[in-house]
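Accompanying notes for the structure given below.
The values are calculated or read from the model by the stated rules, or taken from the named source; none is laboratory data. These numbers were taken from a predicted model, which means no experiment stands behind them. All Cβ positions, even for glycine, are placed from backbone atoms using ideal geometry, and neighbour counts span all protein chains on display. Surface areas here come from the heavy atoms of the whole protein model, side chains and all, with no ligands, DNA or RNA. Shrake-Rupley method; radii C 1.70, N 1.55, O 1.52, S 1.80 Å.
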Amino acid sequence: MSPYSNLESGSSISSNGTASRRALATSRSSSPHTTVNGTNNKTRRKNNGVIASPLRKIRRDNNRDLISLSIIRFVLALLILIWFGVMVKLISNLSASSSSSSSPSNNNMSAEQSAAMQKLSEKWKNLRFNKDGTIGTVRGVKDSKGKDKGKENDKDSSSKKKLEKVEEPKPEPIASIFELSLLGNTSPSDFRLTTPNAPSCSEPIDADSISFTLVSQLSHDRIWMLPYHCKRWGDNPMSIVIFSDEDAAVVKNKLVIEGCSKEHLTVQTVSKTRYDPQGTDYPVNVLRNLAFSKVKTTHLVYADIDFWPSESLHSILNIQSVKERMASDSKLATVVPVFQMNRRCRAYKDCRDDNIPFMPKRKDELIGLIKKREASTFDPTNEGGHGSTRYISWKDQKEGSYLDLPCIRSNRYEPYLAVRYCSELPPFQEGFSGYGKNKMTWAMQLRRSGYQFSQLGEAFLVHYPHLDSKSRLEWNKKPKELQKVDSTLVVDVLESKKGSNIDLLSYKRARVDALFLDYKDWLRDNVTDSSRVPMCENALNDDVRLWVHRDAEDESEDSESGDNDDGNDVVEVNEELAKDTEGGAQE
């Protein structure tokens with residue numbers, strides 16, 4: 001029988017098939033030429049070797065993968081066990097800490113706090129997380145009205161309502177700027193006579209001891225102008241107050257880097273966010289008084305930051321004859337004439353690169369711009385503001401010479417001045433904030449208090465052509481009934497049926513006018529008229545422009561009855577300044 005007969009017949013190998021397999025192996029080895037299905041055994045073994053080799057490799061690779069996977073699973077399981085153990089320990093520690101802190105025996109906790117914590121604990125016991133992630137309550141827990149909180153919460157979760165948003169904290173109310181008042185003011189109608197904490201004006205001084213501080217205030221967006229003031233004023237004292245949230249030391253350091261004097265520059269900052277976040281009620285007079293308070297010299301020169309000094313202003317003030325005149329009169333108000341340069345670009349924008357190179361530093365540069373109609377006296381549309389300054393005479397006035405003003409043409413006269421810093425100097429009235437009447441009221445009090453206004457030859461300030469501030473835009477707002485009405489006819493409209501429904505006090509201008517009338521009454525009642533410079537006989541009737549009026553019998557003695565302010569004289573003045581001839585015109 002063939003050794004393969006059992007296999008060929010399909011019979012299975014018995015449990016004692018070990019001997020048969022050995023016999024089969026012996027048979028194969030002893031019969032090298034035996035074939036199965038016509039195939040040589042040697043060839044079969046060879047072919048089987050070719051097939052078996054890749055299969056063994058695959059099995060080995062699979063075994064290695066299984067071993068690696070097992071190792072990874074083991075490591076992950078070990079890490080999870082460690083993490084779980086740590087969490088259990090932390091939770092147990094927190095629970096122990098919580099229980100110890102909420103224990104009645106804790107001496108640091110009051111009975112009310114203990115009750116509140118117990119109530120909070122009960123509340124959280126009754127809470128659960130719904131499937132949609134919102135928080136619900138366990139069924140059966142009743143509220144004070146006997147309703148099932150769980151059912152109500154399920155109703156909320158079914159409609160997928162979100163947790164109620166926590167209300168955002170309301171912004172803090174705007175602080176009163178009067179908390180910074182050095183005058184002790186608490187309301188806009190608090191008017192003051194003198195400057196506190198300043199030396200007495202009665203103390204005599206000699207000319208050689210006189211020195212000057214340039215004083216100004218500004219908003220944060222005009223800090224860029226300060227280095228130009230520093231350069232023109234030179235290495236001399238400056239006292240600056242900036243309406244900014246930035247730290248004063250930081251601002252000063254930046255200015256020193258830009259060329260300002262570290263030794264002579266004093267910087268204070270007042271928070272805009274705290275006192276005027278909207279930027280519509282700029283506390284200009286509080287800032288001015290704060291800047292005054294840091295003056296250490298005998299005299300100060302006040303100029304708003306948009307009025308740049310001529311480069312020779314400090315040297316002119318230090319001319320011996322000028323200082324002698326100042327030393328002899330503690331109530332000398334030295335007028336520094338003011339001009340303006342036109343914007344160098346046609347578009348209504350701040351084109352600094354075009355403007356700055358042409359800002360005049362010397363008198364000849366200024367006159368040259370006036371001749372080309374590129375500069376003029378300041379604000380020609382408001383003759384009352386600077387119309388009392390003798391500009392035509394100033395054109396030919398010698399450097400350092402004084403020219404006393406014979407009279408004041410308008411209560412709105414608001415010159416920039418060099419004055420002695422002393423206690424009798426009237427402060428800026430702090431109730432006037434934002435735009436409107438904040439500086440003219442100072443000049444009114446100076447005049448009534450006996451100050452002599454006298455303009456200084458060769459010296460000048462020039463206004464930078466900036467865009468309107470938010471305070472100016474707030475002042476410009478009018479009811480629709482007054483949009484196209486001449487300022488001298490406003491009262492007629494307000495007293496007519498057309499103006500009967502206007503809420504005047506909702507407008508900045510009307511509120512300022514009302515405060516101005518209160519100030520005029522206070523000035524008349526509290527400041528003895530010691531004026532050395534009278535009002536001109538043809539002074540402008542300023543009160544006709546007020547939105548708020550009193551009866552004729554209540555008007556103060558300072559009301560003028562002259563012609564209305566039409567600006568014609570200012571046009572003539574600028575025409576004379578543009579002429580080449582000297583000394584021919586009379587003001």
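Things worth noting here:
- Subset of the range 309-321 [open to solvent by 10 Å² or more (accessible area, probe 1.4 Å) and either among the basic types (Lys, Arg) or not in a loop (DSSP other than H, G, I, E, B) (or both)]: His314, Ser315, Gln320, Ser321
- Residue check, Ser244 under 24 Å from Phe191 (Cα atoms) and touching a residue at least 24 places away in the same chain (Cβ under 8 Å): no
- Checking the stated criteria, Leu515 turns out not to satisfy the condition of being closer than 29 Å to Asp190 by Cβ, hydrophobic (A, V, I, L, M, F, W, C) and either out of contact with any Pro (no Cβ under 8 Å at 6 or more places or on another chain) or at pLDDT below 90 (or both).
- Residue within the range 421-439 that is over 30 Å from Asp503 (Cα atoms) and either assigned to a strand (DSSP E or B) or hydroxyl-bearing (Ser, Thr, Tyr) (or both) present: yes
- Among the candidates Ile257, Ile240, the residue that is among the aliphatic types (A, V, I, L, M), within 26 Å of the chain's Cα centre (by Cα), modelled with pLDDT of 90 or more and surrounded by fewer than 18 Cβ atoms within 10 Å (Cβ to Cβ) is uniquely Ile257.
- Within the range 564-580, being modelled with pLDDT of 75 or more and either open to solvent by less than 40 Å² (accessible area, probe 1.4 Å) or under 39 Å from the mean Cα position of the chain (by Cα) (or both) holds for Val573, Leu577, Ala578.
- Flag for Tyr451 being closer than 30 Å to Lys398 by Cα and at pLDDT 75 or above: yes
- Top-ranked residue in the range 492-510 [being part of a helix (DSSP H, G or I) and out of contact with any Gly (no Cβ under 9 Å at 6 or more places or on another chain); ranked as most open to solvent (accessible area, probe 1.4 Å)]: Lys497
- Of the residues in the range 285-292, none is open to solvent by 10 Å² or more (accessible area, probe 1.4 Å), in contact (Cβ under 8 Å) with a residue 60 or more places away in the chain and β-branched (Val, Ile, Thr).
Matching residues to (1) more than 23 Å from Leu425 (Cα to Cα); (2) under 38 Å from the mean Cα position of the chain (by Cα); (3) surrounded by fewer than 22 Cβ atoms within 10 Å (Cβ to Cβ); (4) at pLDDT 95 or above:
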site: Lys294; (1), (2), (3), (4): no, yes, yes, yes
site: Val301; (1), (2), (3), (4): no, yes, no, yes
site: Phe307; (1), (2), (3), (4): no, yes, yes, yes
site: Lys323; (1), (2), (3), (4): no, no, no, yes
site: Ile356; (1), (2), (3), (4): yes, yes, yes, no
site: Lys361; (1), (2), (3), (4): yes, yes, yes, yes
site: Asp379; (1), (2), (3), (4): yes, yes, yes, no
site: Gly385; (1), (2), (3), (4): no, yes, no, no
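- Of everything listed in (1) within 30 Å of Ile367 (Cβ to Cβ); (2) touching a residue at least 12 places away in the same chain (Cβ under 8 Å), the single unmet condition for Gly431 is (1).
- When Pro534 is tested against (1) touching a Cys at 6+ places or on another chain (Cβ under 8 Å); (2) surrounded by 17 or more Cβ atoms within 10 Å (Cβ to Cβ); (3) not β-branched (Val, Ile, Thr), exactly one condition is not met: (2).
- Residue within the range 402-421 that is in contact with a helix residue (DSSP H, G or I) (Cβ under 6 Å, 6 or more places away or on another chain), open to solvent by less than 10 Å² (accessible area, probe 1.4 Å) and of a type in the set (Asp, Glu) present: no
- Set Leu446, Leu473: member being hydrophobic (A, V, I, L, M, F, W, C), open to solvent by 10 Å² or more (accessible area, probe 1.4 Å) and either free of Cβ contacts under 8 Å to residues at least 24 places away in the same chain or assigned to a helix (DSSP H, G or I) (or both): Leu473
- Counting only residues that are touching an Asp or Glu at 6+ places or on another chain (Cβ under 6 Å) and in a helix (DSSP H, G or I), the range 328-362 holds 0 of them.
- Taking the conditions (1) open to solvent by 80 Å² or more (accessible area, probe 1.4 Å); (2) under 30 Å from Glu374 (Cβ atoms); (3) at pLDDT below 50 in turn, Ser561 satisfies each one other than (2).
- Of the set (1) under 30 Å from Asn197 (Cα atoms); (2) within 33 Å of the chain's Cα centre (by Cα); (3) aromatic (Phe, Trp, Tyr), all apply to Phe453 but (2).
- In the range 395-423, the residues that are among the aliphatic types (A, V, I, L, M) and either in contact with a His (Cβ under 6 Å, 6 or more places away or on another chain) or under 16 Å from Ala443 (Cβ atoms) (or both): Leu405, Ile408, Leu417, Ala418, Val419
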